[in-house]
Amino acid sequence: MKNLTQHATNRMQQRGIKPETIETLLVCGARVHDHHGSTILYFDKPARLRLRHQYGSDQYRKIEGQLDAYAVVAENGSVVTVGHRTKRINRH
């Protein structure tokens, strides 16, 4: 897994997000720049389809309950924070 900041590790524990979800998000997730130098990764519909085709139905079912997760990745590649999406991510 990529570098996790202490903040991201704390948020994963507090929010019940599994390391497998973050690893899968880093591989299959949709990427949107936040215009502050970081990238937001999340599972949109095409990312969910990629996940299902790339890893199969078993892996998909393992993290299906956490497909609302997102991660913020800094320019240096470290995961800054993670959470659950409650709102739509603005892609503009």
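Where a number appears in this text, it was derived from the coordinates with a stated rule and is not lab data. As the structure is a computational prediction, the values presented were derived from the model and not from experiment. Using ideal geometry, Cβ is built from the backbone for each residue, glycine included, and neighbour counts are taken over all protein chains shown.
Say we look at the stretch 56-84 and pick out the residues that are touching a residue at least 40 places away in the same chain (Cβ under 8 Å) and in contact with a His (Cβ under 7 Å, 6 or more places away or on another chain); which of these is nearest to Pro46 (Cα to Cα)?
Ala69
What residue, of Thr9, Thr24, is polar (S, T, N, Q), assigned to a helix (DSSP H, G or I) and free of Cβ contacts under 8 Å to residues at least 24 places away in the same chain?
Thr9
Check the stretch 35-52 and report whether any residue there is over 19 Å from Ile89 (Cβ atoms) and either surrounded by 14 or more Cβ atoms within 10 Å (Cβ to Cβ) or in contact with a helix residue (DSSP H, G or I) (Cβ under 8 Å, 6 or more places away or on another chain) (or both).
Yes, that holds for at least one residue.
For the stretch 29-52, check the following and say yes or no: at least one residue is aromatic (Phe, Trp, Tyr), touching a strand residue (DSSP E or B) at 6+ places or on another chain (Cβ under 8 Å) and at negative phi.
yes
Against the definition (among the small types (Gly, Ala, Ser), on the phi > 0 side of the Ramachandran plot and loosely packed, with under 15 Cβ neighbours inside 10 Å), how does Gly65 come out, yes or no?
no
Has the stretch 51-66 got at least one residue that is in a loop (DSSP other than H, G, I, E, B) and closer than 16 Å to Arg85 by Cβ?
For the stretch 51-66, residues in a loop (DSSP other than H, G, I, E, B) and closer than 16 Å to Arg85 by Cβ: absent.
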